[in-house]
Each structure stands twice: as structure tokens, then as C-alpha cells.
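Take a look at the structure set out below.
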Amino acid sequence: MTEDRRKRQLLQSLREQGIRDERVLAAIADVPREAFVEQPFADQAYADQALPIACGQTISQPYIVALMTEALRLEPSHRVMEVGTGSGYQAAVLSKLAAQVFTIERYRSLAETAGERFRRLGLANITQQVGDGTLGMPDHAPFDRIIVTAAAKEVPQAYLDQLAIGGILVIPVEERPGRQDLWRITRDEQGFTHDHLIAVRFVPLVEGVPPQG
């Protein structure tokens with residue numbers, strides 16, 4: 001089966017699972033997922049499943065990428081922060097829909113590999129940083145949208161502080177052991193509104209930066 005056919009089947013599967021935003025689907029169609037998976041899994045690039053990458057991390061399931069991206073309700077003028085660059089795939093999808101993407105990764109090796117992929121694909125509106133993702137990226141705040149691709153024990157105050165009025169934060173939270181839930185948090189003049197989306201499974205959000213990796 002060709003990559004184009006696999007991609008068409010994936011897009012059809014995403015539609016059947018409830019993804020309705022055609023801009024999100026177009027962005028996923030436009031980003032070559034095979035450029036972001038590790039070579040041993042290249043033939044599974046368009047399978048609707050998470051795949052392992054270096055440093056014990058994963059590239060998220062396409063459905064979850066689509067769902068989280070759709071939940072952000074992105075506009076072309078938006079500035080987006082992503083916590084957890086990983087393979088770079090989610091940032092690449094975001095780059096097709098927003099004006100600027102700021103992405104932070106605690107593993108330098110992952111950030112460097114993702115950066116090479118961004119350059120190869122000509123994705124010039126992505127700004128990278130290596131650092132502690134739990135602190136966000138205050139030098140670039142405020143953000144219209146924030147997306148977190150690792151599960152926090154609770155929502156870091158830094159994200160709430162760095163979210164613009166009218167902004168949306170999408171984040172998985174492990175509120176009790178073995179149970180993670182995806183939340184959309186919207187900020188307005190009065191405060192924050194929380195909307196539960198679905199149960200999920202992500203790698204944990206970890207403080208600090210490893211000495212190597």
C-alpha cells in the first residue's frame with residue numbers, strides 16, 4: 001500500500017472518530033508523519049497509534065494529535081506554546097494553522113532532531129527552546145493557545161499565567177494514579193473555565209532538564 005493511500009485511510013478514520021475541522025485534517029494531510037517516526041517504525045507512520053521515539057518518549061497517536069489540535073480552536077493569527085516537542089510532529093501540524101509556534105523540550109537530543117526535521121520541511125515559524133517545560137516560556141508570553149503533550153499531576157500555574165485573556169490551554173492531567181484526563185481550559189476576564197474532553201494516556205510531565213539526553 002502506498003503512503004498516499006495510508007494517509008487517505010488515516011484521514012477517513014479521523015473523520016469517523018469525530019474530527020470535523022477541515023483545517024486540522026488538511027494540516028495533518030500536509031505534514032509527512034513518516035518524517036517524524038523512527039526508522040524501524042516507518043511502515044507504521046500512518047497507523048492510528050502512538051509509536052516509541054528516543055529518550056523513552058512517544059510520538060502521539062494521530063487521533064490524539066487531531067483532537068488536541070481541534071480543541072485549541074486555532075486562528076491564523078495565533079501564537080501557540082507547545083510543551084514537549086518530542087518528535088516535532090505536533091509542532092509541525094500546529095505550524096500549518098498558527099502564525100507562530102513556540103515549543104520547549106527537556107531533552108536536547110530530541111530538540112535537535114526535531115529542529116533538523118523542521119528545517120528540512122521549511123517550517124520557519126517554529127521557535128525552539130531546551131528547558132524545563134513546567135515553567136513554560138515566559139520570555140515569549142503571553143500565548144493565545146497552549147498545548148501540553150505530557151501529563152501533569154496538576155495544571156502548572158506558569159501555564160495559566162502565560163495564557164492570554166481569551167486563550168485556550170489543552171492539557172492532560174493525572175488527577176489520580178492510573179487515570180489521565182484531557183482538559184480544555186479557557187481564560188476570560190472572570191477567570192478560567194474547565195471542559196473535560198476524554199481519558200488519555202501520556203508520558204508524565206517532569207520538572208527539570210536531564211544532564212544528558
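What follows draws every value from the coordinates through simple rules; no lab data is involved. Since the structure is predicted, the reported quantities are computational estimates derived from the model, not experimental observations. So basically every Cβ, Gly included, is an ideal-geometry build from the backbone, and we count neighbours across all protein chains shown.
What dipole magnitude, in Debye to the nearest 20, does the chain give about its Cα centre under +1 on Lys/Arg Cβ and -1 on Asp/Glu Cβ?
Working: 23 positive and 28 negative charges, 86 e Å.
In debye, rounded to 20, the chain gives about 420.
How would you rank 139-148, 177-186, highest first, on the average number of other Cβ atoms within 10 Å across their residues? Please list the in-between numbers first.
On the way: 139-148: 20.6, 177-186: 15.0.
The most tightly packed comes first, giving 139-148, 177-186.
Rg/Rh for segment 142-213: what does it come to with C-alpha atoms and Rh from Kirkwood?
Rounded to two decimals, Rg/Rh equals 1.00.
With a bin width of 10 angstrom, please list the P(r) values of segment 69-145 as percents of all Cα-Cα pairs, from the 0 bin to the one holding the largest distance.
So the P(r) values, bin by bin, are 21, 55, 24, 0.
When the label point is put 7 Å from the Cα of residue 112 along its Cα-to-beta-carbon vector, which residues of segment 87-102 have a backbone N closer than 20 Å?
Only 87-89 fall inside the zone, counting backbone N under 20 Å.
Modelling each spin label as a point 7 Å along the Cα-to-Cβ direction, I'd like the residue 127/residue 44 distance in nm, to one decimal.
3.6
State the percent of C-alpha pairs, over all pairs in segment 3-200, separated by a distance greater than 26 angstrom. All intermediate terms of the calculation are to be shown ahead of the outcome.
Numbers: 5200 of 19503 pairs.
Every Cα pair in segment 3-200 considered, those over 26 Å come to 27 percent.
To the nearest 500 deg cm²/dmol, what mean residue ellipticity at 222 nm is calculated for the chain from DSSP H runs of n ≥ 4 alone, each contributing -39,500 (n - 2.57), summed and divided by the residues?
-8500 deg cm²/dmol
Picking from 25, 193, 155, whose Cα lies most toward the positive end of the charge dipole for the chain (charges on Cβ: Lys, Arg +1; Asp, Glu -1)?
Comparing the listed Cα positions along the dipole, 25 ranks first.
Given an 8 Å cut-off on Cα distances and at least 6 residues of separation, report the relative contact order of segment 55-213 as a percent.
Details: 350 pairs, mean separation 34.0, N = 159.
Relative contact order for segment 55-213 comes out at 21 percent.
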